Each structure stands twice: as C-alpha cells, then as structure tokens.
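S.K.: Structure in structure tokens, see below.
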Amino acid sequence: DAGGAPGRDFAAERAQAGVNVFDALVAHVGALQQAGKRVLLASYSVGARERLSIVLADHGLSRQSMVETWRDAEALPKRIIGLAVLGIENGFETGSLAVIGEQDVLGDRLVRRARRTRRAENFLREVASLSAGDLVVHIDHGVGRYEGLQTLDVGGAPHDCLMLTYQGGDKLYLPVENIELLSRYGSDESDAALDRLGSSAWQARKARAKKRILEMAGDLIRIAAQRAIRHVEPLMPPQGGYDEFCARFPYEETEDQENAIQDALEDLKAGRPMDRLVCGDVGFGKTEVALRAAFVAVMDGKQVAVVAPTTVLARQHATTFANRFRGFPVRIGQLSRFVGTKEAAETRKGLAAGTIDIVVGTHAVLSKTVEFKRLGLIVVDEEQHFGVKHKERLKQLRADLHVLTLTATPIPRTLQLALAGVRDLSIIATPPVDRLAIRTFVLPFDPVVMREAILREHYRGGQVFYVCPRISDLPDALAFLKEAVPEVRTAVAHGQMAAGALDDVMQAFYDRRYDVLLCTTIIESGLDIPTANTMIVHRADMFGLAQLYQLRGRIGRSKARAFAYLTLTPRRQLTPSAEKRLRVLQTLDSLGAGFTLASHDLDIRGAGNLLGEEQSGHVREVGLELYQEMLEEAVTTLKAGGQAEEGEEQWSPQIGIGAAVLIPESYVGDLDARLGLYQRLAAMEDPMEIEAFAAELIDRFGRLPPETENLLAIVGLKRLCRIAGIEKVDAGPKGVTLTFRAGQFANPAGLVAFINARRHEVKLRPADNKLVYMQAWATPHDRLKGTATVIRSLADLIPEAEAA
C-alpha cells in the first residue's frame with residue numbers, strides 16, 4: 001500500500017535498548033490492537049511462519065490465525081494476530097491494518113532459491129576422472145599407465161577399450177563396461193613403479209596391504225566402538241527458546257545446512273559422544289551449525305569450548321557468539337593472546353566454577369591450566385592448523401564429550417576417517433545467496449600486471465591482500481608496493497608482531513584505513529572482510545593446496561567478483577607436485593569446491609597412517625582409490641560383526657555378444673565426457689538406475705544409437721552374472737558359452753535340473769565345466785535377449801542369501 005505509513009524497526013530498537021525483541025513486539029501488538037487495528041505478521045517462508053508462531057505463543061500471543069489472502073487479513077477479528085507468507089522486507093500501516101515484516105522483528109535477512117544438491121560420493125566420482133598418462137591400478141594386474149581410449153575390433157564388431165601399458169611395454173585392453181576394475185593410483189606418482197603383466201608380485205603386495213588394512217580397520221572400529229558404548233547424558237533443544245534462537249539467523253537455511261544442523265542435533269540427542277565433521281566451503285554457514293549445537297548444550301546445563309587456530313579467527317567467533325546469544329542467560333569468555341592477563345585469569349576461574357558457559361579461544365583453551373566444571377561440547381574450527389600435541393590433548397578431553405569439527409578443507413587423514421565411516425560426515429555444498437566464483441590466475445610475477453590488479457580493486461572501492469610465504473619476504477614486497485603503486489596505503493601484518501600491534505593493524509584494515517594488507521598466512525583462517533576482493537600470492541608454489549584454498553577463501557565474501565593472482569618466480573622450474581597443486585586450484589573455481597579439493601589433496605599427498613604420525617601410510621602399496629575401497633570394505637565387514645579374514649576379491653564379468661558395444665564419437669564427441677559416462681555406467685547395477693541413465697543420455701544427446709543400447713544391456717547383465725557366479729559370457733549366432741567363476745555353481749542340484757529340463761539345448765562340458773546353450777540367434781538383439789533369458793534363469797536358482 002503506497003499510502004501506508006512505515007512500520008517500526010524492532011531490531012534497531014532492541015539494539016539500542018538492550019531488551020528482548022519479542023517483548024517489544026508483544027507490547028507493540030497490544031498497542032495496535034488497543035488502537036483498533038488488525039495485526040498481520042509477514043514471514044518469508046512457511047517454515048519461518050511456523051517458527052514465528054511458536055515463539056509468539058511462548059510470549060503470550062497464542063490467539064493466531066494463518067492467513068492466505070488479503071481478503072482473509074481484512075476479515076480478521078481484531079484480537080487475533082494473522083500470520084502470512086509474504087515477500088516483503090518492511091511492514092507498513094494503513095487505516096485499519098498494521099503489517100509487521102519478519103525483517104522488522106529479526107533484522108536484515110537474505111533469502112536464496114532452493115538448489116539441487118549433490119551427494120558426497122558424487123564429489124569423489126568427479127575427482128576420479130582419468131587423463132592419458134595417469135597411473136592406474138587394475139585389481140588383478142596392478143599398477144599400469146592409462147594411455148587413452150581405443151576402439152578395437154572384437155568378434156567382428158567395434159568395442160571401446162581402455163589401453164593400459166605395463167612394465168616392458170606390455171599392453172592390456174580393458175573393455176569399457178569393466179572400467180570399475182580400475183582405480184587411480186593417486187599418491188605421489190614419482191615413487192610408483194609399473195607392474196609386470198602376469199607376475200605374482202602384485203597379488204603378494206595386495207595381500208600384504210590387505211592384511212595391514214584389516215588390522216588397522218580393527219583398531220579404528222575399536223576406537224569408534226569405545227565411543228559408541230560410552231553413555232552420555234542426551235542433550236535436548238529447549239522448547240520455544242530454540243526456535244527463538246534459530247529465528248535470529250539472518251538467512252534462510254539451505255537444505256545442506258538444515259541437514260547438517262539436524263545431524264548434529266540427532267547426535268546430541270543420541271546419548272553417546274558425538275564425533276562429527278562438518279565440511280563446508282568458506283562462508284557457507286558452518287558456524288551456524290556450531291551455534292545451534294552450542295545453544296542446545298548450554299541450555300541443557302553444559303559448558304562449550306570453541307577452539308580456533310588463530311587469534312584473529314577466535315576474536316571473530318567470540319563476536320559472533322556474543323551477538324547471537326545476546327538476551328539469553330549465557331556468559332561467554334575468551335582465551336587468546338589478545339586477551340589481557342586479568343581477563344584471562346577471570347575466564348579460567350569462571351570455567352572452573354561453572355559461571356562461564358562458553359569459552360572461545362585459540363589452543364590456549366586446550367591448556368592443562370584450563371579446567372571445566374561441566375564441559376559437554378568442543379567445537380574445533382579448521383583442525384588442520386592444530387599440531388600433534390593439541391590433537392592429543394583433544395583426544396584426552398573428548399572421551400565422554402561431544403566433538404564438532406568444522407572445516408572447509410579437511411586434512412587427508414580426517415577425510416579418510418569420515419569416508420571410511422568411522423567419523424560422521426555432513427557436507428554443506430550450497431553457496432550463499434549472490435556469491436560469485438573467484439577468478440584465479442596462475443602467472444609469472446609481472447610488476448605491470450600486479451600494479452593494474454591493485455589499482456583496479458582500489459578504484460572500484462575495494463581492498464587487496466598481498467600474501468608472502470615468509471616474514472623475510474615482506475620488506476622486499478613493501479618496497480615494491482611503495483615504488484610501483486604509490487597511490488595506495490599499505491599496512492604490514494605477521495605472526496611475530498605484538499598482539500596489540502597486530503590487533504590495531506587488523507582493525508585499521510577492517511575500518512578501511514588501509515588499501516593493501518601485506519601479510520603472511522596469518523590471514524588464512526576465517527578472517528571476514530567483505531570489501532577485500534583481490535588477492536596476490538607471492539611465490540604461490542611454496543604453499544600447500546589446502547593452504548592456498550584457505551587463503552583464496554579470504555576474498556569473494558560479498559556480491560563483488562573476486563580475483564586471485566598466484567604468482568611464480570619467472571623462468572624457474574616448478575616441482576611436479578607444486579605444478580599439480582596450482583593446476584588443481586586454477587580448475588577448482590566453482591563455488592563449494594572445498595570437499596573436492598580435499599579429495600584432490602588426499603590424492604596428491606596420500607591419506608597417511610590413520611592411527612599414527614607417519615604420512616606415507618599404506619597408500620603407495622596399492623594406490624589411493626583401491627586402498628580406500630579396501631579400508632571401507634574392512635570397516636564395513638568388522639562393523640557387521642565379521643572377522644578380519646580375507647574377503648572375496650572384486651571381479652567383473654566379461655560379456656561378449658559379437659556386436660558393437662560403445663558410445664560412438666558421433667554421439668558424444670568430447671572424449672572426457674565419454675569417459676566420464678563410462679565410469680558412471682560401470683558403477684551401476686540397479687535396472688532403474690540404468691534406465692534413468694538412458695533417459696539422461698537421450699535428453700542430453702538425442703536418440704540412443706544401437707551400439708549404446710547394447711552397452712546398456714550388457715551393463716544390466718553384469719548384475720545377473722555376479723549373482724549366478726558367471727565370469728565370462730561368449731555369445732554368437734549359434735548360442736552362448738558361460739564360464740563359471742572358479743568352475744563352480746552355487747546350486748549344483750538346481751543346475752542339474754536346469755540342464756535336464758533343456759537336455760536338447762544345454763550341456764555342461766566335462767573338460768572345463770563350461771555351460772553351452774545352443775540356439776540360433778541371427779542378430780545381436782536376439783543374442784542379447786536370449787543370453788539375458790538364460791542368465792536370468794540361472795540367477796533365479798541361487799538362494800537369496802548366496803545372491804546377497
């Protein structure tokens with residue numbers, strides 16, 4: 001209503017008066033109703049409306065009605081509050097109606113559209129794409145080199161195969177439908193040696209690795225089991241108060257964020273110690289998960305410790321917690337080198353006495369001089385920055401405690417534990433509203449380009465981070481900036497500065513009194529300066545992958561496009577590892593790539609020994625992906641109560657029908673896209689999943705060619721072959737020959753009955769136990785259909801327990 005008067009800003013009034021916003025709202029609604037006006041509260045979404053309804057009822061406004069149209073609003077009885085879903089920012093008043101917007105009550109909010117999210121395993125599948133020259137591991141033949149995709153003539157018909165080379169130049173051609181037998185080697189390839197085809201060395205090495213992995217999985221399961229059997233008091237969200245706390249969150253939660261929050265709350269309710277890893281990109285809302293878990297713990301009488309890797313990030317968290325808990329009976333303390341001796345002593349005293357509910361700080365929180373009266377939850381932010389001693393101290397503390405770890409780029413060992421199912425994992429992959437991906441450039445250092453980049457940011461009203469790997473690099477960089485870009489004001493910050501001086505510099509940069517912050521990696525964790533949207537990294541090859549990613553995360557935290565320049569020393573040869581790191585970072589410029597990057601880091605560095613400090617681990621024995629599969633399999637077996645024995649080898653049936661089996665180049669022109677489709681298809685077993693994949697192909701590329709229809713049919717047959725234990729299928733115009741795995745069938749009596757019922761068509765060759773089914777099949781379609789019927793009949797003979 002353009003003629004209406006503006007409504008009141010309760011958020012501003014609350015800040016000035018320090019009163020509870022809902023108490024102010026109740027008083028205002030009462031005054032409006034006394035004045036004879038109908039009152040309508042507008043929320044952004046149905047969920048927000050329901051939450052607001054609960055909070056209002058808790059504050060005495062229980063006479064409510066859900067309103068769907070303006071006519072309903074005008075017909076409201078004057079003593080009943082209307083609740084509607086309306087996309088308005090601020091309320092207004094007309095002659096007989098007062099509309100109060102959710103933003104008037106709770107402060108500024110941002111709303112984002114719902115987005116489709118990707119599952120965690122899909123991130124790994126994207127990382128697992130192959131490039132020619134990559135080292136790969138064949139489950140039966142060991143380490144070889146992938147040389148590309150080749151189309152061979154098999155049985156008189158074209159068939160796509162992956163060409164692998166082994167020691168001595170031996171070649172192996174793997175049919176695309178059996179691609180799941182391959183995994184990337186993945187660890188540091190400089191240490192790898194190709195295996196010899198037909199040699200027993202690979203099988204012996206794999207058996208050794210499997211035995212050690214089973215032992216390690218047993219230790220991991222014991223650790224997890226010890227936590228699982230420990231009973232802790234369940235922590236429940238307080239009725240009403242929790243909704244009021246959630247309502248203060250100034251954004252609409254993404255689906256990922258809601259799932260992560262729900263996961264954490266379920267862990268707290270479960271009655272056993274939580275050990276959850278929340279992986280989400282910088283600025284994607286991990287802190288909100290911690291805030292809500294902390295609220296539940298504190299309101300249930302427990303103390304919470306929030307541990308951050310740097311003093312700057314600890315201060316930022318302390319401010320965030322103080323703002324969100326304002327108005328609740330919660331005392332928050334700080335422990336870091338920015339805190340004075342007197343205040344630190346009072347905080348330690350308060351924690352021991354139980355008068356301080358939440359402490360936010362650096363590793364000082366983990367000191368043995370800090371005692372808690374009733375510690376219930378530890379929140380660890382970016383654990384990759386904590387040293388071995390700090391982690392050992394955490395292990396001592398965490399026996400009967402809930403632990404919530406937040407990270408954008410988990411260290412390989414942590415990611416490995418989560419993927420193996422020992423630690424719980426929640427992924428937040430949805431970006432904040434209006435966030436743009438950061439443009440990343442890897443280039444030799446060029447003074448002219450650097451000057452242009454700094455001035456471009458300066459003239460659009462922004463600020464610049466100039467990051468050096470060592471403190472000794474700062475004086476030369478400062479001299480360069482003064483000479484090349486005299487127009488800008490530069491401040492210097494590094495970790496060896498006095499706490500007060502560093503705090504002053506950071507605050508001055510935050511207040512925009514400087515245009516460029518020349519610094520070391522002290523800004524790496526969590527610093528939030530929305531106006532800083534250009535970063536120059538000096539000697540980028542000296543940083544680790546996760547470190548570069550964290551640094552880059554300091555920019556691009558607003559609606560402005562951000563630019564990162566990773567500079568290198570001109571004409572200096574990079575190490576293969578550094579080159580790979582920079583190439584990965586340059587390609588990962590999409591939002592939410594932190595989990596993908598962590599997977600790459602796991603790939604480049606290896607997972608390390610999960611139970612010790614040795615970083616090489618067992619990965620080099622068998623390659624990263626096979627190691628991962630073996631560990632997951634061992635953990636699953638032991639979790640299910642199985643013994644640490646040799647499990648059955650992974651195998652894939654070979655199916656030949658004398659027909660073309662491929663995705664033609666004329667259908668999908670891009671080689672990488674074709675290979676990616678083959679990888680996805682090889683992992684499928686469910687007929688519904690294969691059907692959905694076929695529908696996707698038709699949608700993306702058009703009608704399926706006959707060769708691709710054959711491929712999909714063969715992939716569908718693989719599941720039946722596994723059930724029936726059929727290792728090889730050779731079909732032709734006169735019938736099909738089936739080779740059983742190890743020459744055995746799981747139901748011999750059933751097989752005899754099958755043969756007797758078809759004695760004129762079927763026979764079992766005594767020499768090699770192969771089953772021969774004789775039938776005239778003129779076309780590939782007939783062969784596929786007939787072969788499928790035979791194999792399905794055999795699969796039906798297998799008892800359900802055996803098939804599973």
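S.K.: Regarding segment 323-380, what whole-number volume in Å³ per residue does the convex hull of its Cα atoms give?
M.R.: 97
S.K.: Report the extension gain between Q150 and D672 in nm, rounded to one decimal, defined as 0.36 nm multiplied by the number of residues separating them, less their alpha carbon distance.
M.R.: Length gained between Q150 and D672: 186.6 nm.
S.K.: How far, in nm, would the chain grow between S62 and K373 when pulled straight, counting 0.36 nm per residue and subtracting the alpha carbon separation?
M.R.: 108.1 nm
S.K.: On to the next question. Considering segment 243-351, what Rg and Dmax in Å follow from its alpha-carbon atoms?
M.R.: Gyration radius and largest Cα-Cα distance of segment 243-351: 14.7, 44 Å.
S.K.: Set the bar at 28 Å for Cα to Cα. Now go through K728/K785; K206/K728; K269/K559 and name every pair that lies beyond it.
M.R.: In this structure, K269/K559 lie more than 28 Å apart at Cα.
S.K.: Evaluate 2.2 N^0.38 Å with N set to the residue count of segment 718-765, then give the Cα radius of gyration divided by it.
M.R.: So the Cα radius of gyration is 1.16 times the expected 2.2 N^0.38 Å.
S.K.: Run the numbers for E483 and E761: contour at 0.36 nm per residue of separation, minus the present Cα-Cα distance, in nm.
M.R.: 91.1 nm
S.K.: Please report, largest first and rounded to whole Å, the three semi-axes of the ellipsoid equivalent to segment 132-215, where each semi-axis is the square root of five times an eigenvalue of the C-alpha gyration tensor.
M.R.: 25, 14, 12
S.K.: For a paramagnetic label modelled at 7 Å from the Cα of L455 toward its Cβ, which residues of segment 530-564 fall within the zone defined by backbone nitrogen distances under 20 Å?
M.R.: Backbone N within reach: 533-537, 563-564.
S.K.: Within segment 530-566, which trypsin sites (Lys or Arg not before Pro) sit in a loop by DSSP and count at most 16 neighbouring Cβ atoms inside 10 Å?
M.R.: Filter output for segment 530-566: K559, R561.
S.K.: Just the Kirkwood number for segment 532-584, please: inverse of mean 1/r across all distinct Cα pairs, in Å, one decimal.
M.R.: 11.8
S.K.: Could you check the spin-label model distance between M497 and A27? Points 7 Å from the Cα along Cα→Cβ, value in nm.
M.R.: In this crude spin-label approximation the distance works out to 4.4 nm.
S.K.: Find the accessible area per residue for segment 291-373; the probe is 1.4 Å, ligands and nucleic acids are left out, and the unit is Å².
M.R.: 41
S.K.: Leaving out ligands, DNA and RNA, and with a 1.4 Å probe, what % of the accessible surface on segment 326-385 is carbon or sulfur?
M.R.: Of the solvent-accessible surface of segment 326-385, carbon and sulfur hold 49 percent.
S.K.: How long are the semi-axes of the equivalent ellipsoid of segment 690-779, defined as square roots of 5 times the Cα gyration tensor eigenvalues? Whole Å, largest first.
M.R.: They are 31, 16, 11 Å, listed from largest to smallest.
S.K.: Ok, one more. Which value results when the Cα radius of gyration for segment 650-804 is divided by 2.2 N^0.38 Å?
M.R.: Normalised Rg, Cα atoms only: 1.11.
S.K.: Only sites in a loop by DSSP and with at most 13 other Cβ atoms within 10 Å count here; which GluC sites (Glu not before Pro) in segment 437-505 make the cut?
M.R.: Counting only loop positions with at most 13 other Cβ atoms within 10 Å, the GluC sites (Glu not before Pro) in segment 437-505 are E487.
S.K.: Quick one, what does Rg over Rh come out to for segment 275-336 if you take C-alpha atoms and the Kirkwood Rh?
M.R.: 0.94
S.K.: Out of the GluC sites (Glu not before Pro) in segment 718-804, which ones are loop residues according to DSSP with at most 15 other C-beta atoms within 10 Å?
M.R.: Passing both the DSSP loop test and the Cβ count: E761.
S.K.: Compute the distribution of all C-alpha to C-alpha distances in segment 433-571, in bins of 10 Å from 0, and list the percent of pairs in each, rounded to whole numbers.
M.R.: With a bin width of 10 Å, the distribution comes to 12, 48, 35, 5, 0.
The values are calculated or read from the model by the stated rules, or taken from the named source; none is laboratory data. All figures in this text were calculated on a predicted structure; none of them were measured in a lab. Note: ideal-geometry Cβ built from the backbone for every residue, glycine included; neighbour counts use all protein chains shown. Side chains are part of the model used for accessible areas, which takes the heavy atoms of the whole protein and leaves out ligands, DNA and RNA. Shrake-Rupley method; radii C 1.70, N 1.55, O 1.52, S 1.80 Å.
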